[in-house]
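Peer 1: Here you go, one structure.
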Amino acid sequence: MTTDYAVQGPVAVLTLNNPPVNGMGLATRVALTDGLARALADETVKAIVITGAGKAFSGGADITEFGSPKAFAEPNLLSVILAIEASTKPVIAAVHTVCMGGGLELALGCNYRIAAPGCNVALPEVKLGLVPGAGGTQRLPRALGVEPALNLIVSGEQVKSELLAMLPGQQLFQKIAASPETLMAEALVFAAEVADVRPLPQVRKLPSRHPQGDAYFQFARNMVKGMAKNFPAPVKCVDMVEASTKNKFDDGMALERETFLNLMWTPEHRALRHLFLAERAASKVPDVPVDTPLRDIKSVAIIGAGTMGGGIAMNFLNAGVPVKMLEMKQEALDRGLATIRKNYEAQVAKKKLKQDKYEQRMALLSTTLSYDDLTDADLVIEAVFEDIGVKEAVFKELDRVVKPGAILASNTSTLDLNKIASFTQRPQDVVGLHFFSPANVMKLLEVVRGEKTAKDVLATVMSLAKKIKKTAVVSGVCDGFIGNRMIEQYGRQGGFLLDEGCTPAQVDKAMEKFGMAMGPFRMSDLAGNDIGWAIRKRRYTEQPDMKYSKTADLLCEKGRFGQKTGAGWYDYVPGKRDAIPNAEVVKMIEDHRAALGITPRKISDEEIVQRLVFSLVNEAAHILEEGIANKASDIDVVYIFGYGFPVYRGGPMNYANEVGLFNVVQAMKRFAQNPLDDAKFWQPAPLLVKLVAESGNL
């Protein structure tokens, strides 16, 4: 049973029992209504308490049912709440730990609510591109007040139960328990006290109004429109809460339901739902059991105190893990320490970090100039220059000094992890941990699994990623792994577009209009154009048949390496990141085009977007075929969290599914006919051809 039934004196207790968060899936809804009917039929039962087993009251809807008949099968959540409202005996929700989404809507349908302190309360549907669909927009303003309810609904953020209980005039919680441990005992006493109270209170009968009325909602709508941009749901949330103040309750409910169902058909909702599931699926590695024993990581050492090493260190300091940083020279250590302090002090100045927390974190950080001081580290992360010879020297030293059983990790972004592992006598302990810059901010962590990486090493670093609040995706070993291997093709297409008639600003503008955080040329300026130059030089030797535009090489020969030199594809003013178009760069592109005998043509934004995005898709399909990525959704997670791909498009693979793989493949065949492009690259990956033939999706 997904809902347990028990009677304690005059009170029936219905306990949602659907781990891990007591989601309101069909089986749970059926069991809950059955339990309610049973309690109503028992003459000895005078009141009913609904609570949740384990570490949640209820996290809300079962997302895995969305898009399937089960999501709407009776009793749906609306029907369950109506059954509770129709109860002739008082129903008390005893909420704790997690009360979110449909779980909060269920509680709002009860006659009374008692909460444990520390309970996280939220209506997070907006984060899935939806409005609450079971009365949240109509009941919460009545129970909590219009403004706090709207803030909760539009943000989707969690708020502690005791803070909500302090709001003046709130009727969300009639009581806050003394502690989570006493919640049920207090709920039973409370239920007995209200057993004979009539009429039974209902949230639907409370008023919903705002003193400023239309003016307030217009202000709220303008604010939300400015922040919501490409997401339709936040503005609809404002409309729904406004409806609670103007419509009869049942009319407001009907409007909410219609809006909820309409939003379920939007590509934005599908993308957000896909990403929600993809992010959770990324942590599961097919051949690594969930009960794999983990290695104990009590201390971390980091080789290199540069920008990347310092950023990596901050992740562990933030999580309360002691860190020792190693450098070869004291000046480099001093610079690294100064940068970490500067980053933390900026957070303190913005009131994002308390002074005592800052001091606690810095107290966990120590430094050394000697490898011999790293003997006790449980995890060592190398973050030195991206050169295989430098890596070899580091790993041979680590193999000499670090204790057996410690995990040795490389932050390499492109190099062969198996080769790096071979520099040690313990390749089973070596793994790639590719952090993205700035490492203390970016959420993505590419976990690179070598041929000999032990399963417990992989399980340990995946668990550790959660501790340091990273979204980890496992990649196999290849040049560039998942993200950088794909971005190389994206960058190549950008170069061809310049040769054919575009300017950097035109390409960037088209991609930013599509939704990318920044276009390819601004991104290259940020990362450093010399990095791509070094990779291309390697490619010219290793893969002489690979076709490239030489424009980026000409740029680098002028020393225009990007933001760090104040000049790249664009010019930059010190202290600012604004990209200012440079006429000499445009002339350089035009001169190079003329030297190649190319007559420029007008290129549409649509072609720019398709060539750049579909280049990601085609390379990603090869990555899947080769087993470098475990699943297509992992690639979407990499691109959303590491490369600024628009969230509302769900990642390149989800976007390709939305466009239709048949249409994607047809476009690739067109691009292959372009004599200035790379016809060999645009041969659709066999996986894409197969899926089109089967009418399948990535």
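Peer 1: Being closer than 24 Å to residue 279 by Cα and free of Cβ contacts under 8 Å to residues at least 60 places away in the same chain narrows it down to one of 36, 128, 123, so name that one.
Peer 2: 123
Peer 1: Scan region 551-566 and tell me whether some residue there is open to solvent by 30 Å² or more (accessible area, probe 1.4 Å), hydrophobic (A, V, I, L, M, F, W, C), more than 24 Å from residue 271 (Cβ to Cβ) and touching a strand residue (DSSP E or B) at 6+ places or on another chain (Cβ under 9 Å).
Peer 2: yes
Peer 1: Can you tell me which residues in region 435-449 are open to solvent by less than 10 Å² (accessible area, probe 1.4 Å), modelled with pLDDT of 95 or more and not acidic (Asp, Glu)?
Peer 2: Those that are open to solvent by less than 10 Å² (accessible area, probe 1.4 Å), modelled with pLDDT of 95 or more and not acidic (Asp, Glu): 435, 444, 445, 447, 448.
Peer 1: Inside region 151-189, can you point out the residues that are open to solvent by less than 70 Å² (accessible area, probe 1.4 Å) and among the charged types (D, E, K, R)?
Peer 2: Matches in region 151-189: 162, 186.
Peer 1: Out of curiosity, is residue 609 in contact (Cβ under 8 Å) with a residue 40 or more places away in the chain, within 26 Å of residue 229 (Cβ to Cβ) and in contact with a Lys or Arg (Cβ under 9 Å, 6 or more places away or on another chain)?
Peer 2: Judged against the criteria, residue 609 is a match.
Peer 1: So, residue 374, is that one in contact with a strand residue (DSSP E or B) (Cβ under 7 Å, 6 or more places away or on another chain) and of a type outside the set (Gly, Ala, Ser) or not?
Peer 2: So residue 374 fits the description; yes.
Peer 1: Assess whether residue 325 counts as being within 18 Å of residue 470 (Cα to Cα) and either open to solvent by less than 10 Å² (accessible area, probe 1.4 Å) or within 26 Å of the chain's Cα centre (by Cα) (or both).
Peer 2: Considered against the rule, which asks whether it is within 18 Å of residue 470 (Cα to Cα) and either open to solvent by less than 10 Å² (accessible area, probe 1.4 Å) or within 26 Å of the chain's Cα centre (by Cα) (or both), residue 325 comes out as no.
Peer 1: Please specify each residue of region 593-613 satisfying the condition of being open to solvent by 30 Å² or more (accessible area, probe 1.4 Å), touching a helix residue (DSSP H, G or I) at 6+ places or on another chain (Cβ under 7 Å) and part of a helix (DSSP H, G or I).
Peer 2: Correct list: 605, 610.
Peer 1: Could you list, in sequence order, all residues of region 614-629 that are open to solvent by less than 10 Å² (accessible area, probe 1.4 Å) and closer than 21 Å to residue 451 by Cβ?
Peer 2: Listed by number, the residues that qualify are 623, 629.
Peer 1: Something else: Which of the helices (runs of 4 or more DSSP H) contained wholly in region 301-363 include at least 3 residues that are without any contact (Cβ under 8 Å) to a residue 24 or more places away in the chain and aliphatic (A, V, I, L, M)?
Peer 2: Where helices (runs of 4 or more DSSP H) fall fully within region 301-363 and carry at least 3 residues being without any contact (Cβ under 8 Å) to a residue 24 or more places away in the chain and aliphatic (A, V, I, L, M), they are 330-349.
Peer 1: Write out, first by first residue and then by second, each pair whose Cβ atoms fall under 9 Å of each other, whose residues are 6+ apart or on separate chains, and whose first residue, in region 552-569, is in contact (Cβ under 8 Å) with a residue 12 or more places away in the chain and closer than 16 Å to residue 590 by Cα while the second is among the aliphatic types (A, V, I, L, M) and assigned to a loop (DSSP other than H, G, I, E, B).
Peer 2: Close Cβ pairs satisfying both conditions: 569/579.
Peer 1: Please specify each residue of region 348-405 satisfying the condition of being open to solvent by less than 50 Å² (accessible area, probe 1.4 Å) and farther than 14 Å from residue 326 by Cα.
Peer 2: 348, 353, 358, 361, 362, 378, 389, 391, 399, 405
Peer 1: Count, please, the residues in region 434-458 that happen to be aliphatic (A, V, I, L, M), over 13 Å from residue 315 (Cα atoms) and within 20 Å of the chain's Cα centre (by Cα).
Peer 2: Selection size over region 434-458: 2.
Peer 1: Which count do you get for residues in region 501-534 that are part of a helix (DSSP H, G or I) and touching a helix residue (DSSP H, G or I) at 6+ places or on another chain (Cβ under 7 Å)?
Peer 2: 17
Peer 1: Residue 472 passes all but one of (1) more than 21 Å from the chain's Cα centre (by Cα); (2) small (Gly, Ala, Ser); (3) crowded, with 17+ Cβ neighbours inside 10 Å; which number fails?
Peer 2: It is condition (1) that residue 472 fails.
Peer 1: Okay, moving on. Got at least one residue in region 528-540 being open to solvent by 50 Å² or more (accessible area, probe 1.4 Å), out of contact with any Asp or Glu (no Cβ under 7 Å at 6 or more places or on another chain) and at pLDDT 95 or above?
Peer 2: Checked against the condition, which is being open to solvent by 50 Å² or more (accessible area, probe 1.4 Å), out of contact with any Asp or Glu (no Cβ under 7 Å at 6 or more places or on another chain) and at pLDDT 95 or above, region 528-540 yields no hits at all.
Peer 1: If you go through region 492-521 one residue at a time, how many are without any contact (Cβ under 8 Å) to a residue 60 or more places away in the chain and closer than 17 Å to residue 550 by Cα?
Peer 2: Going through region 492-521 one residue at a time, the tally reaches 2.
Peer 1: Can you name the residue in region 630-685 that is part of a helix (DSSP H, G or I) and without any contact (Cβ under 8 Å) to a residue 12 or more places away in the chain and, of all such residues, is most open to solvent (accessible area, probe 1.4 Å)?
Peer 2: If we take residues in region 630-685 being part of a helix (DSSP H, G or I) and without any contact (Cβ under 8 Å) to a residue 12 or more places away in the chain, then 670 is most open to solvent (accessible area, probe 1.4 Å).
Peer 1: Could you run through region 609-659 and say how many residues are under 21 Å from the mean Cα position of the chain (by Cα) and at positive phi?
Peer 2: Going through region 609-659 one residue at a time, the tally reaches 3.
Peer 1: Got a sec? Which strands (runs of 3 or more DSSP E) wholly within region 1-79 have at least 3 residues that are open to solvent by less than 10 Å² (accessible area, probe 1.4 Å) and touching a helix residue (DSSP H, G or I) at 6+ places or on another chain (Cβ under 7 Å)?
Peer 2: Strands (runs of 3 or more DSSP E) meeting the threshold: 11-16, 47-52.
Peer 1: Looking at residue 425, is it in contact with a helix residue (DSSP H, G or I) (Cβ under 7 Å, 6 or more places away or on another chain) and more than 17 Å from residue 477 (Cα to Cα)?
Peer 2: For residue 425, the condition - in contact with a helix residue (DSSP H, G or I) (Cβ under 7 Å, 6 or more places away or on another chain) and more than 17 Å from residue 477 (Cα to Cα) - is met.
The values are calculated or read from the model by the stated rules, or taken from the named source; none is laboratory data. Note that this is a predicted model, so its numbers are computed, not measured. Cβ: placed from backbone, ideal geometry, glycine included. Neighbour counts: every protein chain shown. Quick note on the areas: whole protein, heavy atoms, side chains included, nothing else; ligands and nucleic acids left out. Shrake-Rupley method; radii C 1.70, N 1.55, O 1.52, S 1.80 Å.
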